[in-house]
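Report on the structure given below.
The values are calculated or read from the model by the stated rules, or taken from the named source; none is laboratory data. These numbers were taken from a predicted model, which means no experiment stands behind them. Cβ placement follows ideal geometry from the backbone for every residue including glycine, while neighbour counts extend to all protein chains displayed.
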Amino acid sequence: MGSLRPDFLINLGSGSEGWTLVCEVKSDGQPRNVRYAALQVRDCIGRGPKGQRMYPVVIAPYISPASQAICKEMEVGYADLAGNSHLAFGDIYIDRQVTENPFHRRREQRSLFSPKSARVLRVLLTNPLRPWKVEDLARRARVSFGLVSNVRKMLVDREFGAAKRGDIRVSVPYRLLEEWQSAYVPARSARKLYYTALHGPKLQAAIEEAFAVNGFAKALNEKLPSLLLSSFSAARWLAPYARISGEYFYADEDGEQALVSHLKLEPVSRGENVVLDRPKDDGVYLESIEPKKGLRSTGLIQTYLELHATGERGREAAVHFRELAIDPVWKGLA
């Protein structure tokens, strides 16, 4: 088969036909590796003896649904140690899928969607069409060049991103967002529950007063906001859905003091109608937006993730939010 050789061959019979399975083994079943392996075995078969029945197969510890789709698209069989397999040649058709990955790389998943990495992802997903240089992306997300390089590699390996001449951009934003939402856990260092007797226009006026005192930065490169509308409160301004009682905020100490003072908040253990979260990482403030003059909220991506993480009603609100707020920005990128 020329200088490019597969890892091993399996000769077998199917009825009166003889077949050779041309197998390539990879230690990592990431989409990029699987695509390369599929090209390898197809190339081996192209160099093989004329008239010999051969079928390409990729083998890895675990082949994810995304990698499985690549194999099927390229008409290459696959098998993994978790029990997934797809073989279709001659009279043979085997297609088996398992629901769990016993070799799940939790550390890598946590790394890609960790609070620091999330700074990079939020910047990239704000405008997926824009290619970013590593140094520009690091400066915008306020992280190290090394972290951006690591995120860049993970995105490319998992075929979420495309890299060219030192640039990186997200090539499949919806697929990346779907995986992120499944792995998302709110990164907060503290959550405080409060009650306010204010409601309606008086409550809204008090919120705007709190923001006027301490709600947003003079300039992004000088000081981060100290107070943000979040979750349902952010969505209420950006893409209104069914009425959800209560107000939700991200706040540091200054922002919390402003809210306590202007909303006349009283701490409670239950029956709260105001929820304040202190984020583990200030990155949630970086991509904040202004839904109304004088107010500041979490950005589109952060708001979507928070909605999706708040139960069935939140997931319904997240779908509505994506359709009204994110889809128009990502138009044509599905």
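Just a few scattered comments:
- A count restricted to region 21-36 and to residues that are out of contact with any helix residue (DSSP H, G or I) (no Cβ under 9 Å at 6 or more places or on another chain) and within 21 Å of Ile94 (Cα to Cα) stands at 1.
- When Glu266 is tested against the conditions (1) surrounded by fewer than 16 Cβ atoms within 10 Å (Cβ to Cβ); (2) in contact (Cβ under 8 Å) with a residue 24 or more places away in the chain; (3) more than 21 Å from Ile207 (Cα to Cα), the lone failure is (3).
- Going through (1) among the aliphatic types (A, V, I, L, M); (2) crowded, with 18+ Cβ neighbours inside 10 Å; (3) at pLDDT below 90 one by one, Leu129 falls short only on (2).
- Failed condition for Leu124, given (1) surrounded by 16 or more Cβ atoms within 10 Å (Cβ to Cβ); (2) farther than 22 Å from Asp281 by Cα: (2)
- Residue check for Leu87: surrounded by 14 or more Cβ atoms within 10 Å (Cβ to Cβ), over 23 Å from Gly13 (Cα atoms), touching a residue at least 24 places away in the same chain (Cβ under 8 Å) and touching a Phe, Trp or Tyr at 6+ places or on another chain (Cβ under 9 Å): no
- Residue among Ser261, Ser297 that alone is surrounded by fewer than 15 Cβ atoms within 10 Å (Cβ to Cβ) and among the hydroxyl-bearing types (Ser, Thr, Tyr): Ser261
- Residue, nearest to Thr303 (Cα to Cα), within region 222-238, restricted to residues that are under 26 Å from the mean Cα position of the chain (by Cα) and either at pLDDT below 90 or among the basic types (Lys, Arg) (or both): Arg236
- Meets criteria (over 28 Å from Leu324 (Cβ atoms), in the same structural domain as Glu316 (by TED's automatic domain parsing) and under 27 Å from the mean Cα position of the chain (by Cα)) for Asp252: yes
Per-residue answers, yes or no, for (1) farther than 23 Å from Asp7 by Cβ; (2) modelled with pLDDT under 90; (3) out of contact with any strand residue (DSSP E or B) (no Cβ under 8 Å at 6 or more places or on another chain):
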site	(1), (2), (3)
Met74	no, no, yes
Ala88	no, no, no
Arg96	no, no, no
Gln109	yes, yes, yes
Phe113	yes, no, yes
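- Screening region 21-75 for residues that are part of a loop (DSSP other than H, G, I, E, B) and among the charged types (D, E, K, R) and picking the one that is nearest to Asn101 (Cα to Cα) gives Asp28.
- Selected residue (only one of Gly146, Gly161, Gly200 is surrounded by 16 or more Cβ atoms within 10 Å (Cβ to Cβ) and small (Gly, Ala, Ser)): Gly161
- For region 12-36, the tally of residues that are under 38 Å from the mean Cα position of the chain (by Cα) and free of Cβ contacts under 8 Å to residues at least 24 places away in the same chain stands at 1.
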